[in-house]
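Here is the structure we will look at, set down as structure tokens.
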């Protein structure tokens, strides 16, 4: 049953008679939010004291006012829970191993300029430069030819895969990274990068296995405290985080941070990335007091080392600023968060294509801020634009698409546009269940929200179906 923003089974509660109402035994008031606690505490203190019937009636009226406020407006805690920020803040450049240089190819294969000829040598160097400068279509054409000419050189397949992935051609990228592994099964970079591609295709079990293989290879080759080991630890931790396996993610993130601080120094960019990622994890666990200083430190490292001229690392800065803002929002510090979200959004829109997923993430989070403040007219077009970009760049069935669908549904719900909200909720749930599974925190949250939605809409039977599903999931977890 619904108890103020939560769908749960609580002993002593009777099923609501109307949408949004709560009827629980008074001695269980500790289960609910602070306004209801205060109202019940006041009411009970009045009942214990001798006084006139008028005094008791006034107490009942006071309780009713507090209770009505709960019913008509979601609490701060509920809003923090139900509006989901879009998170892609672990940044491809930090989790991807870079393309192979000509010197690495030459050392691994013996393909010197003398052996391949000056013309082909110049083309190989031109392809490397094209990748480095972000001219991925040009690099793709060149490396595609090299992979045909030298089919058994893993590095050419690796670099071709890299060019594909940067253009969001994920199926092609996966095929070429897999070919590189087949040729050179001892190269951890190919396992790591293929895992990242599969993660972006929501193929999580396959990605997990590849990250584990990459980690084993690098720990054996480099030792347990090498920065490349920290990169793979962070990637595996991020995968666990996205799967809702927070307990498994935290020690990996902490180990990656310790390695980087020791090997790279306390003010290195990759230390800032580890701080940021651990902060994101703590925010997901609602450990905001622990998360905020990590994000503050990450932003501080960027400002200290890069200054105003961030160059190619400006997207890192945008991500760190965005995540600091998200922690502030989670604590209700909206005035502090808004300029940070706007700053992050401006950096991204200046740095990448307007249809890039990073832009969509900023739009979603800025929309969520306006949503929480009740400024629906501003939030709506931001959500719509974020959704369109995500569907185009990530595909219609990506979990980040579900995030914005869910948020847009809640925006409609807040305006009592129930018919518009319903298909969005259902689609968000279908995506989360298929891509993340029924036990994932995102999936459970959507089920909770749909149950709340149907009760508010007055569709008791539908609400009960989703409440029963939620209880079934929780029962399985407890067993």
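The values are calculated or read from the model by the stated rules, or taken from the named source; none is laboratory data. Every value quoted in this text rests on a predicted model; they were computed, and no experiment measured them. Ideal geometry is used to build each Cβ from the backbone, glycine not excepted, and the neighbour counts take in all protein chains shown.
Structure summary
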| read-out | value |
| --- | --- |
| Some residue of the stretch 358-365 being farther than 26 Å from residue 245 by Cα and at pLDDT 90 or above | yes |
| Residue identified as more than 14 Å from the chain's Cα centre (by Cα), at pLDDT below 95, within 25 Å of residue 466 (Cβ to Cβ) and not in a loop (DSSP other than H, G, I, E, B) among 422, 433 | 433 |
| Helices (runs of 4 or more DSSP H) wholly inside the stretch 84-195 containing at least 3 residues that are in contact with a helix residue (DSSP H, G or I) (Cβ under 6 Å, 6 or more places away or on another chain) | 118-132, 136-149, 154-166, 170-183 |
| Which numbered condition residue 353 misses (of (1) surrounded by fewer than 24 Cβ atoms within 10 Å (Cβ to Cβ); (2) under 18 Å from residue 257 (Cα atoms); (3) modelled with pLDDT under 90) | (2) |
| Residue within the stretch 227-244 that is farther than 15 Å from residue 96 by Cβ, assigned to a loop (DSSP other than H, G, I, E, B) and free of Cβ contacts under 8 Å to residues at least 60 places away in the same chain present | no |
| Verdict on residue 270 being in a helix (DSSP H, G or I) and either within 21 Å of residue 300 (Cα to Cα) or free of Cβ contacts under 8 Å to residues at least 40 places away in the same chain (or both) | yes |
| Residue count, the stretch 391-407 (criterion: without any contact (Cβ under 8 Å) to a residue 60 or more places away in the chain and either over 17 Å from residue 434 (Cα atoms) or surrounded by 20 or more Cβ atoms within 10 Å (Cβ to Cβ) (or both)) | 4 |
| Residue under evaluation residue 263, criteria (1) more than 21 Å from the chain's Cα centre (by Cα); (2) closer than 30 Å to residue 395 by Cα; (3) surrounded by fewer than 23 Cβ atoms within 10 Å (Cβ to Cβ), criterion not met | (2) |
| Per-region count, the stretch 168-192, residues surrounded by 22 or more Cβ atoms within 10 Å (Cβ to Cβ) and more than 29 Å from the chain's Cα centre (by Cα) | 1 |
| Residue, nearest to residue 298 (Cα to Cα), within the stretch 99-129, restricted to residues that are touching a residue at least 24 places away in the same chain (Cβ under 8 Å) and under 33 Å from the mean Cα position of the chain (by Cα) | 99 |
